[in-house]
Structure formats: structure tokens, C-alpha cells
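Each reported figure results from applying straightforward, stated rules to the coordinates on display, with no laboratory input. Owing to the predicted nature of the structure, the values given are computational and were not obtained by experimental measurement. Cβ placement follows ideal geometry from the backbone for every residue including glycine, while neighbour counts extend to all protein chains displayed.
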Amino acid sequence: TQLLEQSPQFLSIQEGENLTVYCNSSSVFSSLQWYRQEPGEGPVLLVTVVTGGEVKKLKRLTFQFGDARKDSSLHITAAQPGDTGLYLCAGAPSYNQGGKLIFGQGTELSVKP
Amino acid sequence: NAGVTQTPKFQVLKTGQSMTLQCAQDMNHEYMSWYRQDPGMGLRLIHYSVGAGITDQGEVPNGYNVSRSTTEDFPLRLLSAAPSQTSVYFCASSLRGTSTDTQYFGPGTRLTVL
């Protein structure tokens, strides 16, 4: 069974600080996605990374896919209270059949003003 | 477009009762899936469908049935509810279910089994 280990599980920081969330596995993924979830709602896709070493930026968020396509990171610069939420990474196994995604446990981020 | 809709939003069941969680999408997506979300465990795949008339099991299928008679609808049936099925259930859809497709999630159903 492929697993995605996400860390940290909880993160509470002050507005303006930087942070990094990690998503690690011993298995190779054909792609990796990052989602953000607000309380009472379903996850919403932020980004998809496909190529080993790929870096994508979304305003203050930077996403990186590891060279070996086994890990990924999400870096937020100058966090704001509006960034508060649950961040989930999800990988598509390299043998992918039927669109299956494997999700990490999630990182609960709280940004205090 | 309404996107992915789920009903009900909340449900309380007694052990042994059965019920159906409804899911519908209006984006003409081929791929639909059901996940459950439990604290500290992320989302786990229950069942999925790659098109009308085709369904398959995910990671945690026991105690759940699905069918896909139309492209739009993908109901999830709990045959005999158990307290271990207390969870938040999300339905999702994507165009073809490829590794780079965007998955669109519904708002979720919060189920409590007493």
C-alpha cells in the first residue's frame, strides 16, 4: 500500500511568518496535487505537479515536486489569516488505474493576526 | 453549473439502519468517486466509477455499495450502518480520472451512527 506522510500535522503561526509543509513517500507518483479545505466544505485543488523537480508558484505559495517524484513541499511566504485551513497533498500512483488518489493526513494551518 | 452536489448535509442513524447518500454532477464528468474523511487520516477512497455502468472498489469498500446508472448520479449506500462509519463523506468527480485531472469535490455529508 502506498502511503503519503504529511508533516507537520498542525501549524500555528503569526501573520507574516513563512512556513513549509512536507509530503513524503517511499513510492513514486506520476503526479502530485495540493488541495486546500475550509471548514464545512470539500477540498479545492490548488496545483498539480507532474515532472520531477518541477516548481510552481501561486502568488505567495510555492510548490515543488521532488526530483525522484516521491516527495513534495508547499512553502507559504508571509502567511496571512486568509491562508488558514487544511492543506492536503494527494498523489496519483505510478501504476494509476481508474484515477485513484492517495491522500496525506493533512496539515491544519492557523495564521493569527 | 452547480458542480458536485451532495445530500443530505447532515444525517444521524442508529446502528443497523440503512441509507443512501446522494451525489450528482452537472459537468458531464466520466469519473466519480466517494471518499470518507476521518481526523488525522486524510481522505480514503471508498468506491469509484470510470463511467456509467462501471464501478470498482477503493481502499475501504466494506459496508458500502454503489451503482452508476447515469453519468450524472453516483449514490453511496450504507446497508447496515455501524458506529465505525461515523465520518464525513465526500463525493468527487473529474473529467476522465487521469493523474492530472482536477477533482471537484462536493460539500460533504456529515454522518453520525449511534
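Can you pull out every residue in the range B:19-74 that is acidic (Asp, Glu) and part of a loop (DSSP other than H, G, I, E, B)? Scanning the range B:19-74 gives B:26, B:30, B:38, B:59, B:72.
When the range B:75-97 is examined, which residues are found to be away from chain A (no Cβ under 14 Å), surrounded by fewer than 20 Cβ atoms within 10 Å (Cβ to Cβ) and over 19 Å from residue B:39 (Cα atoms)? Those that are away from chain A (no Cβ under 14 Å), surrounded by fewer than 20 Cβ atoms within 10 Å (Cβ to Cβ) and over 19 Å from residue B:39 (Cα atoms): B:75, B:77, B:79, B:80. Is it fair to say residue B:73 is under 16 Å from residue B:49 (Cα atoms), acidic (Asp, Glu) and in contact with a Leu (Cβ under 6 Å, 6 or more places away or on another chain)? When the stated conditions are applied, residue B:73 does not pass them. Scanning the range B:98-114 for residues that are within 12 Å of the chain's Cα centre (by Cα) and facing chain A (nearest Cβ under 7 Å) returns B:105, B:106, B:107, B:108. Just one residue in the set A:84, A:48 is polar (S, T, N, Q), without any contact (Cβ under 8 Å) to a residue 24 or more places away in the chain and within 23 Å of residue B:90 (Cβ to Cβ); that residue is A:48.
Mind checking which residues of the range A:19-40 are assigned to a loop (DSSP other than H, G, I, E, B) and either within 15 Å of the chain's Cα centre (by Cα) or surrounded by 15 or more Cβ atoms within 10 Å (Cβ to Cβ) (or both)?
If we filter the range A:19-40 for residues that are assigned to a loop (DSSP other than H, G, I, E, B), which is where we start, we get A:25-28, A:38-40.
Scanning the range A:19-40 gives A:25, A:27, A:28, A:38.
The set of residues from the range A:48-69 being within 13 Å of the chain's Cα centre (by Cα) and more than 13 Å from chain B (Cβ to nearest Cβ) comprises A:55, A:57, A:58, A:61, A:62, A:63, A:64, A:66. Number of residues in the range B:98-107 that are surrounded by fewer than 22 Cβ atoms within 10 Å (Cβ to Cβ) and in a loop (DSSP other than H, G, I, E, B): the value is 6. Answer yes or no as to whether residue B:60 is of a type in the set (Val, Ile, Thr), within 11 Å of another protein chain (Cβ to nearest Cβ), surrounded by fewer than 21 Cβ atoms within 10 Å (Cβ to Cβ) and touching a residue at least 12 places away in the same chain (Cβ under 8 Å). Judged against the criteria, residue B:60 is not a match.
Would you mind stating whether residue B:33 is within 14 Å of another protein chain (Cβ to nearest Cβ) and either touching a residue at least 60 places away in the same chain (Cβ under 8 Å) or farther than 20 Å from residue A:35 by Cβ (or both)? Before you say what the answer is, go through the steps one by one.
On the way: within 14 Å of another protein chain (Cβ to nearest Cβ): yes; either touching a residue at least 60 places away in the same chain (Cβ under 8 Å) or farther than 20 Å from residue A:35 by Cβ (or both): yes.
In short, yes.
Restricting the range A:36-92 to residues that are touching a Cys at 6+ places or on another chain (Cβ under 8 Å) and hydroxyl-bearing (Ser, Thr, Tyr), the residue that is farthest from residue A:11 (Cα to Cα) is A:72. Cβ separations smaller than 6 Å between residues 6+ apart or across chains give the following pairs from the range B:1-12 residues that are within 9 Å of chain A (Cβ to nearest Cβ) to residues that are surrounded by 11 or more Cβ atoms within 10 Å (Cβ to Cβ) and small (Gly, Ala, Ser): B:4/B:93; B:4/B:106; B:6/B:106.
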